[in-house]
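Step one of this worksheet: look at the structure below.
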Amino acid sequence: MGDSGTTAASYFRGLAIDEPWQRTDIGAANTNRVYLADGLGSIVALTDTNQVVDTQYFYDPFGGTTNTGTGNKNSYQFTGRENDATGLYYYRARYYHPALGRFISEDPLGMMSGDANVYVYGRNSSLNLIDPSGMDPNGLENQLINLPFNLIVGVFQAAGYLGAVVGVGEVADGVMGAILGDIGAEIAPAELGAAAEGGLEAEGTPSITTDYAVETQGGSLAEQAALADAQSGATLYRTGELGTSMAGESQYYSLQNPLTPGYANSMGMPNVTPNFIMGGTLNQGASAIANQAGALGANAGQGIQIVTSPGGVVINWFYMP
């Protein structure tokens, strides 16, 4: 909105979070500008109506921003978030200070964020992790940023689409966009969807036996990314009801914070009243797989769970709301 309360610009956005594609400045000329972004979602350039780059943005590792070229009112810059012109970036739950390399207020989740430093941004790994909500450095967006590149290439090679058809960078961008927007069927024919969902499973697929089932590693890109995230030291969460649910002895965990709305449904939890949350990291040398949680009662499951060998998680904190 403009200062007078009228619409100053309209946007055309992608399906992923923080993914502006085009800005139209409302006025006599109705100027259209197209956004060009890097792998973190940071806007690196804007083109004019003739598709010529007229503004470029440059960032230091923690988001300190400079620009060259034609001035404009675009505020979407580092990781696609809004630069409020005071030197701070708005990350929904709180503001981020790129000169300090941290948030200026505590994580609303406190210690349940999975990090003892409640001001930290992206676990101090700003070249790899993003945090659009301001309180979820282990969210889906980070699993995608950390998606192993050879995994992406392997899927497209299996489907026969890598090489002359598209560039490798375009492949990576397409896969990430597809997962975030759940539009995998739109970026390639049905054969690619089959490769992405089932082509990674082969004879000898890793599995772990629990008290409830033999859990097998899933073959989708999201499941492979979740496993890579867990193996890289991401926080593994568990919640339940003391006296009814397993705690430290459990083999079932999640990368998703249990305070996230819809958690019980997506993880297929039993009908209990959760009164504890705990977090830990994968034990060195432990086995783990990632797959979709099964349905249980009215809870549909299908969220991605991490299943470990017995004693596979080091519990770092335990909280009772």
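The values are calculated or read from the model by the stated rules, or taken from the named source; none is laboratory data. A quick note: this is a predicted structure, and the numbers were derived from the prediction, not measured. Cβ atoms come from the backbone with ideal geometry, glycine included; neighbour counts cover every protein chain shown.
Structure summary
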quantity: Filter pass, TYR57 being surrounded by 14 or more Cβ atoms within 10 Å (Cβ to Cβ) and closer than 26 Å to LEU129 by Cβ; calculated: yes
quantity: From the options SER42, SER10, residue that is surrounded by fewer than 19 Cβ atoms within 10 Å (Cβ to Cβ) and small (Gly, Ala, Ser); calculated: SER10
quantity: Verdict on ARG92 being of a type in the set (Lys, Arg) and within 21 Å of SER10 (Cβ to Cβ); calculated: no
quantity: Residue check for TYR212: modelled with pLDDT under 90 and aromatic (Phe, Trp, Tyr); calculated: yes
quantity: Test: residue in segment 234-249 that is under 18 Å from GLN217 (Cα atoms), in a loop (DSSP other than H, G, I, E, B) and either outside the structural domain of GLU215 (by TED's automatic domain parsing) or of a type outside the set (A, V, I, L, M) (or both); calculated: no
quantity: Odd one out for TRP21 among (1) of a type outside the set (Asp, Glu); (2) surrounded by 13 or more Cβ atoms within 10 Å (Cβ to Cβ); (3) more than 18 Å from LEU127 (Cα to Cα); calculated: (2)
quantity: Single residue of segment 60-95 satisfying the filter (within 22 Å of ASP25 (Cα to Cα) and modelled with pLDDT under 90) that is surrounded by the most Cβ atoms within 10 Å (Cβ to Cβ); calculated: ASN72
quantity: Filter result (within 23 Å of the chain's Cα centre (by Cα), of a type outside the set (D, E, K, R) and crowded, with 19+ Cβ neighbours inside 10 Å) within segment 232-263; calculated: ALA234, THR235, LEU236, TYR237, THR239, TYR252, TYR253, SER254, LEU255, GLN256, ASN257, PRO258
